[in-house]
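Here's the structure, in structure tokens; my notes come after.
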Amino acid sequence: MSCKVIIGTQWGDEGKAKIIDYFCRDTDIVVRYQGGGNAGHTVVADGVKHIFHLVPSGILHNGVTCVIGNGLVIDPELLMHEIVMLEKEGFDVKNFLRISDSAHLVLPYHKIIDEAMEEFRDKKIGTTKRGIGPCYADKSLRYGIRVGDLFDKEYITQRITNTLKIKNLQLEKIYSKNKLNLDEILNLVDKFRKRIDGMVTDTRFLLYNSLEKNKRVLLEGAQGNALDIDHGTYPYVTSSNPTIGGALAGTGLNPFDINEIVGIVKAYTTRVGEGPFPTEDNGDDGSKLREKGGEFGSTTGRPRRCGWFDVELLKYTKRLNGLTSLALTKLDVLNGFKKIRVSVGYSVNGKRLQHFPSQMLDKVEPIYEDIDGWEEDISSCRNYDELPENAKVYVRFIEEKVGVRISVVSVGPDRSETIVR
Ligand code: IMP
């Protein structure tokens, strides 16, 4: 039995999709377990760039079944768009995409409310405006519409009719927005039902059966540890659990099904949206990281905030998720930096903190150590030994400080630009 979980260890955008795509060569089933269209997964295969928001990154691999798990919130328009795009490119979506009947639907009112709530907030979160928070809120309030509901016409009509009454009141009276038309939403869900007919199933049992048959399963997290609704930098977080608990809740697997938990970590740190970011660099180095790393959101196009590696965050992520190894991405972006800064801990008023704080992260001062950089372009390195000595020093430094082995080093966006140690 093999079940590996891929977890983002920072604030998302760690390059998970590339590593998942790489691992797919030894995988039978890839499962997304939380989040929705807020995620943007970029995979470059044979020089062609693909960006996914909902479909798991494994869809580009022949014979790999891709599962959208029960923990997701699915925007029907977005998923239909991705399916059409993939089919146009010749991918067999019908036979290789499976969608949980318990996943929730992001409907047009969720997106409008997401945007409207941001307008009303005194301190903005900087959401992706994809309706994620309002949809998960409805799930908790038990207003949610699930994929399985689509197949009972009477039930879904009655449920959407009732929900829309409440939503239209909210839109009009609270947010001064236009009311939404019931028939348009009913038409949308009906179109979606027809499009995904034959792909919907109880994905829990699909996974149980697959593991019993010794299939190799990979669970794909979206966003990252510090954006977790429970363990992240609340309220500047997403509305789901990208951490290991979310992998279980969002698939129906149990802890004993899992035997590897791989943290994906970028060689520096980025964050998109608002919220504390202790190692942010607002100077020339931050701009250089953004330019060299192409650090612009793949969902919203927003420039990402950039800064240095944060060991304290990684130690927290390791503890929270039980990481068994790390994949270090975008090491090539550090080519040409004379000094590379690493924050090895935090202090507040000159006193060193013992761990990543649950509050007031905006008050901490990073404690930096500087590592000598390297001049060489490392993107053509394919073996660890080919890396310049200073790049190896950097990798070992992180490994030792965090206390988790780095088993993969990525030196470029393409599948081939990957070193396995
Ligand atoms: P939401 O998930 O759209 O509600 O946004 C909440 C916060 O999470 C915002 O700061 C977003 O920028 C951030 N966020 C959501 N999805 C991602 C992602 O895939 N990568 C990085 N940040 C994300």
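The values are calculated or read from the model by the stated rules, or taken from the named source; none is laboratory data. Computed from a prediction, not measured in an experiment: that's the story for all the values here. Cβ atoms come from the backbone with ideal geometry, glycine included; neighbour counts cover every protein chain shown. Heads up: the accessible areas ignore ligands, DNA and RNA and are worked out on the full protein's heavy atoms, side chains in. Shrake-Rupley method; radii C 1.70, N 1.55, O 1.52, S 1.80 Å.
A compact table of results
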quantity	calculated
Residues being more than 16 Å from the ligand (Cβ to nearest atom) and closer than 24 Å to Met80 by Cα - total across segment 220-244	0
So Gly47, is it without any contact (Cβ under 8 Å) to a residue 24 or more places away in the chain, of a type outside the set (Lys, Arg), away from the ligand (no atom under 15 Å from the Cβ) and on the phi > 0 side of the Ramachandran plot	no
So Gly126, is it within 29 Å of the chain's Cα centre (by Cα), within 15 Å of the ligand (Cβ to nearest atom) and farther than 15 Å from Pro108 by Cα	yes
Segment 291-301: number of residues that are within 12 Å of the ligand (Cβ to nearest atom) and over 18 Å from Ala222 (Cα atoms)	0
Unique match (being under 17 Å from the mean Cα position of the chain (by Cα) and in a helix (DSSP H, G or I)) among Ala222, Ala247	Ala247
Residue match in segment 109-116 (condition: touching a helix residue (DSSP H, G or I) at 6+ places or on another chain (Cβ under 8 Å) and either more than 16 Å from the ligand (Cβ to nearest atom) or farther than 26 Å from Leu180 by Cα (or both))	no
Segment 398-415, residues that are under 20 Å from the mean Cα position of the chain (by Cα) and of a type in the set (Gly, Ala, Ser)	Ser410, Gly412
Only listed residue being open to solvent by 50 Å² or more (accessible area, probe 1.4 Å) and touching a Ser or Thr at 6+ places or on another chain (Cβ under 8 Å), chosen from Ile166, Ile229, Ile174	Ile229
Segment 134-147, residues that are within 11 Å of the ligand (Cβ to nearest atom) and either open to solvent by less than 10 Å² (accessible area, probe 1.4 Å) or touching a residue at least 60 places away in the same chain (Cβ under 8 Å) (or both)	Cys135, Tyr136, Ala137
Hits in segment 175-217 - residues which are of a type in the set (Asp, Glu) and either part of a helix (DSSP H, G or I) or free of Cβ contacts under 8 Å to residues at least 24 places away in the same chain (or both)	Asp183, Glu184, Asp190, Asp197, Glu212
Residue check for Gly131: more than 16 Å from the ligand (Cβ to nearest atom) and small (Gly, Ala, Ser)	no
Members of segment 263-301 that are in a helix (DSSP H, G or I) and either under 19 Å from Asp362 (Cβ atoms) or open to solvent by 30 Å² or more (accessible area, probe 1.4 Å) (or both)	Asp284, Asp285, Gly286, Ser287, Lys288, Arg290, Glu291, Lys292
In segment 76-95, the residues that are among the hydrophobic types (A, V, I, L, M, F, W, C) and either in contact (Cβ under 8 Å) with a residue 40 or more places away in the chain or closer than 24 Å to Asp149 by Cβ (or both)	Leu78, Leu79, Met80, Ile83, Val84, Val93
Selection within segment 1-36 - away from the ligand (no atom under 16 Å from the Cβ), open to solvent by 10 Å² or more (accessible area, probe 1.4 Å) and either charged (D, E, K, R) or not in a strand (DSSP E or B) (or both)	Met1, Lys4, Tyr22, Phe23, Arg25, Asp26, Thr27, Asp28
The one condition in (1) without any contact (Cβ under 8 Å) to a residue 24 or more places away in the chain; (2) more than 16 Å from the ligand (Cβ to nearest atom) that Lys318 fails to fulfil	(1)
Residue among Lys288, Lys339, Lys292, Lys318 that alone is under 18 Å from Lys16 (Cα atoms) and touching a Gly at 6+ places or on another chain (Cβ under 9 Å)	Lys318
Number of the condition not met by Val106 [criteria: (1) closer than 22 Å to Gly198 by Cα; (2) open to solvent by 10 Å² or more (accessible area, probe 1.4 Å); (3) of a type outside the set (Asp, Glu)]	(2)
Among (1) open to solvent by less than 20 Å² (accessible area, probe 1.4 Å); (2) within 16 Å of the ligand (Cβ to nearest atom); (3) assigned by TED's automatic domain parsing to the domain that holds Ser407; (4) not aliphatic (A, V, I, L, M) - the single one Phe309 does not satisfy	(2)
Every pair of residues 6+ apart whose Cβ atoms lie under 9 Å, when the first sits in segment 262-291 and is outside the structural domain of Thr128 (by TED's automatic domain parsing) and among the acidic types (Asp, Glu) while the second is assigned to a helix (DSSP H, G or I) and open to solvent by less than 10 Å² (accessible area, probe 1.4 Å)	Glu280/Gly286; Asp281/Leu289
